[in-house]
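Written below as structure tokens is the structure these notes are about.
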Amino acid sequence: MNFEDPSLTIKTLSYIYLLMKVSSWIGDRFILFVILNIFVFYAPINKKYPHFLFISRMTIKQVIEGTINMLECIIPRYEEEKPKKK
């Protein structure tokens, strides 16, 4: 992981922060219960909604990345002034 790229740093920190907030708000046992139920009932869900896990994961990822990219567009970047050559 390279923390020199500002967008990667913002994404990584936002994923960690979001995971911390969700797990403290909902509870670790409940999240584990939901994940285990998805694994147990994956075959029936996949028959009715093909590629359910992939589509769900990509939807959540696109929403988070879209929000972060909009914030990156709003925040101006610092650019150093180059000395003028005469």
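Every number here is computed from the coordinates shown, using simple stated rules; none is lab data. Since we're looking at a predicted model, the values are computed, not measured. Here the Cβ is made from the backbone with ideal geometry for all residues, glycine too, and neighbour counts use every protein chain on show.
Summary of values
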item: Residue in the range 5-21 that is exposed (fewer than 10 other Cβ atoms within 10 Å of the Cβ) and in a helix (DSSP H, G or I) present; result: no
item: Subset of the range 61-76 (residues that are surrounded by 11 or more Cβ atoms within 10 Å (Cβ to Cβ) and of a type in the set (A, V, I, L, M, F, W, C)); result: I64, I68, L71
